[in-house]
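Report on one structure; see the data block that follows.
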Amino acid sequence: MKKLSLFLTVLSVLVLASCQRQHPNMIIIGLDGWSSFSVDSVSMPTVRAMMENGVYNLRKRSIFPSSSSANWAAMFMGVPPETSGFTRWNTETPDVPSRIVNEHNIFPTFFSILREQRPDFKIACMYEWEGVKYDLDTLAFDFQKHIVQDTMRQLATTELVCDYLIANKPDVFYIHYDEPDHSGHKLGWESKGYFAACERLDTCIANIVAATKEAGTYDNTVFVVISDHGGKGHKHGKATLQEMEAPIILFGKGIPAKGASDAWMVQYDVAPTLAAIYGLKTPPEWLGRPWKY
């Protein structure tokens, strides 16, 4: 009887360990300032294939204001600004105290709870806009790198991303591009230059997909493409749909090929959507809910 009990205990441990290992990789690609309004005006074949063979929402709304740090914080912290304290374009520390903080003294992010609940995961990030690091909880990462931003540098950034991906095969990898936001501010959100920046980013995404195939992780990877806001004229931050609607795309392992979803979604629904893919327990303070695509 004791032998049977021991056998069942060992078996359950092995099954549990096996289940824990059976998880998808995730690559999250943040495109700063990518407007939903641009999607039908530009040629992005890699992104379009992800949309058609995965699920996407072009009506995901930003929080107020429709600016960078406040929206990236909302996406990764699962709450609006009044809860996280990240209220502006370049908030580095909360403008009002966060409702709660974790052991790293920051409001819990998707990456924070991932680190807590999946301590064996290899989590990495590379970012062009240094301001986004304050929205992530970088202490939750095994590896992080700020790449000096340059409007035309995205392909060089992508080379570094692909090299790291192939060599290290991270479980979760966040990549943040500071385009097409720069082109929007400089040239306008409806300019040929803005559309050209989107096309360069599509090439970057294609190269990242190719790198997962070289690494042997493609078939087990969920790709997430997200944006923080759009723009109007040469600016963003106000309450127009052109500034407030930004895409989200899920494609890959376990994601149904549903195409367009019109399900209601706001920025702080992104974190619980990502957490649901891994079955993570989310903080009760998070106000977002998983995207029911």
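Structure summary
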item	result
When residues of the stretch 174-197 are limited to those that are surrounded by fewer than 23 Cβ atoms within 10 Å (Cβ to Cβ) and part of a helix (DSSP H, G or I), the one nearest to the chain's Cα centre (by Cα)	His182
Residue count, the stretch 279-293 (criterion: modelled with pLDDT of 95 or more, surrounded by 19 or more Cβ atoms within 10 Å (Cβ to Cβ) and closer than 20 Å to Gly54 by Cα)	1
Boolean, Tyr268 is in contact with a strand residue (DSSP E or B) (Cβ under 6 Å, 6 or more places away or on another chain), closer than 24 Å to Lys60 by Cα and surrounded by 15 or more Cβ atoms within 10 Å (Cβ to Cβ)	no
Matching residues, the stretch 163-218, being closer than 23 Å to Leu136 by Cα and among the aromatic types (Phe, Trp, Tyr)	Tyr164, Phe173, Tyr174, Tyr177
Pair list, Cβ under 8 Å, 6 or more apart: the stretch 98-111 residue surrounded by fewer than 20 Cβ atoms within 10 Å (Cβ to Cβ), other residue hydrophobic (A, V, I, L, M, F, W, C)	Arg99/Val79; Arg99/Phe107; Ile100/Phe107; Val101/Phe107; His104/Leu139; His104/Ala140
Checklist (1) of a type in the set (Ser, Thr, Tyr); (2) closer than 21 Å to Phe173 by Cβ; (3) at pLDDT below 95 applied to Thr46, failing item	(3)
Positions within the stretch 114-129 being acidic (Asp, Glu) and assigned to a helix (DSSP H, G or I), in sequence order	Glu116
Flag for Pro94 being over 21 Å from Leu274 (Cα atoms) and without any contact (Cβ under 8 Å) to a residue 40 or more places away in the chain	yes
Filter result for the condition that a residue is under 16 Å from the mean Cα position of the chain (by Cα) and touching a residue at least 24 places away in the same chain (Cβ under 8 Å), over Leu155, Leu160, Leu136	Leu136
Single residue of the stretch 148-167 satisfying the filter (surrounded by fewer than 21 Cβ atoms within 10 Å (Cβ to Cβ), out of contact with any strand residue (DSSP E or B) (no Cβ under 7 Å at 6 or more places or on another chain) and not aliphatic (A, V, I, L, M)) that is nearest to Phe110 (Cα to Cα)	Cys162
Filter result (under 20 Å from Met77 (Cβ atoms) and either in a loop (DSSP other than H, G, I, E, B) or not hydroxyl-bearing (Ser, Thr, Tyr) (or both)) within the stretch 248-270	Ile248, Leu250, Trp264, Met265, Val266, Gln267, Asp269, Val270
Single residue of the stretch 214-263 satisfying the filter (more than 26 Å from Thr87 (Cα to Cα) and charged (D, E, K, R)) that is surrounded by the fewest Cβ atoms within 10 Å (Cβ to Cβ)	Asp262
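Matching residues to (1) of a type outside the set (D, E, K, R); (2) assigned to a loop (DSSP other than H, G, I, E, B); (3) modelled with pLDDT of 95 or more; (4) under 21 Å from Ile123 (Cβ atoms):
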residue	(1), (2), (3), (4)
Leu16	yes, no, no, no
Gly30	yes, no, yes, yes
Trp34	yes, yes, yes, no
Ile63	yes, yes, yes, no
Ala70	yes, no, yes, no
Phe76	yes, no, yes, yes
Thr87	yes, yes, yes, no
Val96	yes, yes, yes, no
Asn102	yes, yes, yes, yes
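Every residue, every condition in (1) closer than 30 Å to Asn102 by Cα; (2) in a helix (DSSP H, G or I); (3) modelled with pLDDT under 95, yes or no:
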{"residue": "Gly131", "(1), (2), (3)": "yes, yes, no"}
{"residue": "Thr151", "(1), (2), (3)": "no, no, yes"}
{"residue": "Ile208", "(1), (2), (3)": "no, yes, no"}
{"residue": "Thr212", "(1), (2), (3)": "no, yes, no"}
{"residue": "Val225", "(1), (2), (3)": "yes, no, no"}
{"residue": "Asp228", "(1), (2), (3)": "yes, no, no"}
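The values are calculated or read from the model by the stated rules, or taken from the named source; none is laboratory data. All of these numbers come straight from a predicted model, not from anything done at the bench. Cβ sites come from the backbone with ideal geometry, for glycine too, and all protein chains shown count toward neighbours.
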